[in-house]
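Written below as structure tokens is the structure these notes are about.
Derivation of every value follows stated rules applied to the coordinates shown; laboratory data play no part. Bear in mind that the values here come from a model prediction, so they are computed numbers and not experimental data. Ideal geometry is used to build each Cβ from the backbone, glycine not excepted, and the neighbour counts take in all protein chains shown.
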Amino acid sequence: MTAVNIVSEDGKKEPNKMRKAIEKIKSVFNKKEPNDHKEDSSETSPYLTKALNEDLSFSLFKIEHELNQRNFILQKHNDILQGQDEKIYNLVEKWKDMRSKTFLLHEEECVLRTRFICS
């Protein structure tokens, strides 16, 4: 790297100004994200970082609250579906029972008809 000395109007050399300018330019180009406040936390005020953290925590709290509400709703729907599943199972069992009774009644009717016709 070439050493550059900046000379002021007085004729005095001021190498620190050039070094500071180069460091400032490097810091601008070395940032990973344009709004990366984690690296610049030393440059930002503590009030601003506190406000950002509180805003972030409030947003996370709202998201958690919404997730809890949706979880509660899903649990209620799950309970309702389980109750309906039991009712459907009971109806199917009653239907099978009635079908077998109907079959037996039909057989008994056929037997009685044959007896009535034959006698």
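Count the net charge of all other residues whose Cβ sits under 14 Å from the Cβ of E107, scoring Lys and Arg as +1 and Asp and Glu as -1. Don't skip to the answer; put the middle values down first.
Values: positive: R99, K101, R113, R115; negative: E108, E109.
The answer is +2.
What do you get for Rg/Rh of the stretch 56-119 when both radii come from the Cα atoms and Rh is the Kirkwood radius? Intermediate values should be presented prior to the final figure.
Values: Rg = 27.6 Å, Rh = 16.6 Å.
Value, to two decimals: 1.66.
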